[in-house]
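Before I ask anything, let me first share the structure, which is written out below as structure tokens.
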Amino acid sequence: MISQHSYFQQCLPAIQQLYTHTNFTKEQLLQKDFLIRQENELSMYYSPHNDYINPDAHIVIAGITPGWFQMKTAFKQCTSSLSHHHSLEEVLYETKKAASFSGTMRANLIAMLDRCGIQKAAGINSAAELFASQRHLLHTTSVLKYPVFYKGKNYTGHQPPIERSALLSHYAFEVFLHELNEIKNPCLIVPLGKAVEQVLRKLACEPSLSRHTHLFGFPHPSGANGHRKRIFEEHLNEFTEIVEKWAAKRKS
């Protein structure tokens, strides 16, 4: 399903100017045709990998915002799919599949999810299948739908705080909420990092979100997160219990 909050059609002519063999440099992608909004030292750019929503998902994994690496991967896949004349829905699905939490982050994430027992709860062999043959069970997304950069670097969710920015607040508390409301099933929501957790805790008072189970406390799987392994080990029993409760709720 294609998101209603999509800039895809508007950006399509500029995307079509890119070629599959291009290097996809910052100069090519962080330019005015893809700029959504600027606010002080924040810039939000269009990227095509969060425009596909899976309303039938049972597991939702949410990051803070797509980073530069994910943005580059998304444009690469998008231009490739367009060159093969795939349908709009297929283009956006393939782009999401290729770019969501791509790189070493995905490998770390899969290992962490498996240790929490998510594969057992979902009736699959490994969380790796969520990114491949069992993709229909998964919806990946970001609190801030499109890539945000602060002073030209990936926005981490902390500087400035989301609530202090009208742009970020709109995407976190309105666009993101609308997206979660598109999903039909009571889901296990995995927030990646503290900034995502803070947004979801604020949204938890929304009646429409009370049916979901949240894996709060889950550390960000980025290799740059030096505290990831320690925090994960300290809370592993807690995570396993939450996953087991969600699994029991699914069966009831």
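The values are calculated or read from the model by the stated rules, or taken from the named source; none is laboratory data. No experiment lies behind these values; they were computed from the predicted model shown. Note: ideal-geometry Cβ built from the backbone for every residue, glycine included; neighbour counts use all protein chains shown. With ligands, DNA and RNA removed, areas are computed over all heavy atoms of the protein, side chains included. Shrake-Rupley method; radii C 1.70, N 1.55, O 1.52, S 1.80 Å.
First select every other residue whose beta carbon is under 14 angstrom from the beta carbon of Val148; then total the charges, Lys and Arg +1, Asp and Glu -1. Each step should come with its number before you reach the end.
Working: positive: Arg37, Lys145, Lys151, Lys153, Arg164; negative: Glu39, Glu41.
Summing Lys and Arg as +1 and Asp and Glu as -1 gives +3.
When the distances between all Cα atoms of the range 77-141 are binned every 10 Å from zero, what whole-number percent does each bin get?
21, 45, 25, 9
Further question on the same structure: Would you compute the Debye intensity of the range 124-217 from its alpha-carbon atoms alone, equal scatterers and no solvent, and pass along log10 I(q)/I(0) at q = 0.17, 0.20 Å⁻¹ to two decimals?
For the range 124-217, the Cα-only Debye profile gives -0.81, -1.06.
Sticking with this one: Which value in nm describes the separation of the simple spin-label points at Arg164 and Gln10, placed 7 Å from the Cα toward the beta carbon?
According to this spin-label approximation, the distance is 2.7 nm.
Report, by chain and number, residues whose modeled amide H sits under 5 Å from the one on Ser142, excluding near sequence neighbours (fewer than 5 apart, same chain).
For Ser142, the qualifying residues are Gly63.
So, one more: To the nearest µm²/s, what D does Stokes-Einstein give for the chain at 25 °C and 0.890 mPa s, using the Kirkwood radius over alpha carbon pairs as Rh? Intermediate values should be presented prior to the final figure.
Values: Rh = 18.5 Å.
The diffusion coefficient I find is 133 µm²/s.
When the Kirkwood radius is taken over all Cα pairs of the range 1-139, what Stokes-Einstein diffusion coefficient follows at 4 °C and 1.567 mPa s, in µm²/s?
Details: Rh = 16.0 Å.
Answer, rounded: 81 µm²/s.
Return the sequence-ordered ³J(HN,Hα) values of the range 149-156 in whole Hz as given by the Karplus equation 6.51 cos²θ - 1.76 cosθ + 1.60 applied to θ = phi - 60°, using x for Gly and Pro.
For the range 149-156, the Karplus curve yields 10, 10, 6, x, 10, 3, 6, 9 Hz.
Is any helix in the chain, taking whole DSSP H runs, at least 18 angstrom long along its axis by alpha carbon and on average at least 0.0 on the Kyte-Doolittle scale, and which ones?
Values: long enough: 68-83 (23 Å, -0.24); 104-116 (19 Å, 0.41); 228-251 (32 Å, -1.20).
Passing helices, by number: 104-116.
Another one. Quick one: which residues, 5 or more positions from Arg37 or on another chain, have an amide H under 5 Å from its amide H? H modelled 1.01 Å from N in the peptide plane, none for Pro or chain starts.
Residues meeting the criterion, in which the H sits 1.01 Å from N, are Met44.
Okay, moving on. Gap in Å between the Cα centre of the range 205-252 and the Cα centre of the range 61-96?
27 Å
Identify the GluC sites (Glu not before Pro) of the range 1-86 meeting these criteria: DSSP loop state and at most 16 other C-beta atoms within 10 Å of the C-beta. The partial results should precede the final answer.
Values: sites: Glu27, Glu39, Glu41; in loops: Glu41.
Of the GluC sites (Glu not before Pro), the ones in loops of the range 1-86 whose Cβ has at most 16 other Cβ atoms within 10 Å are Glu41.
If you don't mind, another one. Nearest 500 deg cm²/dmol is fine: what mean residue ellipticity at 222 nm does the chain get from its DSSP H runs of n ≥ 4 alone, each adding -39,500 (n - 2.57), divided by its residue count?
Values: 10 runs with 104 residues, N = 252.
Calculated mean residue ellipticity at 222 nm is -12500 deg cm²/dmol.
Compute the signed sum of charges (Lys and Arg +1, Asp and Glu -1) over the other residues within less than 14 Å, Cβ to Cβ, of Ala121. Display every interim value, and only then the final one.
Working: positive: Arg115, Lys120, Lys245, Lys249, Arg250, Lys251; negative: Asp114, Glu129, Glu241, Glu244.
Net charge in that neighbourhood comes out at +2.
Also: Given a 1.4 Å probe and every protein chain left where it sits, what share in percent of the accessible area of the range 111-252 is carbon and sulfur?
52 percent
Next question, about the same structure. Leaving ligands, DNA and RNA out of it, report the carbon-plus-sulfur percent of the accessible area of the range 1-94 at a 1.4 Å probe.
Values: 2190 of 4590 Å².
About 48 percent, which is the carbon plus sulfur part of the accessible surface.
Return the sequence-ordered ³J(HN,Hα) values of the range 33-49 in whole Hz as given by the Karplus equation 6.51 cos²θ - 1.76 cosθ + 1.60 applied to θ = phi - 60°, using x for Gly and Pro.
Result, rounded to whole Hz: 5, 10, 6, 8, 7, 10, 9, 6, 9, 9, 10, 10, 10, 6, 9, x, 9.
Also, I was wondering about something else. Given a 1.4 Å probe, how much area per residue of the range 1-141 is accessible, in Å²?
On the way: 6280 Å² over 141 residues.
That works out to 45 Å² for each residue.
Accessible area per residue for the range 175-252 in Å², computed with a 1.4 Å probe and the full protein assembly in place, what is it? Could the numbers behind the result be given before it?
Numbers: 4010 Å² over 78 residues.
Averaged over the residues of the range 175-252, the accessible area is 51 Å².
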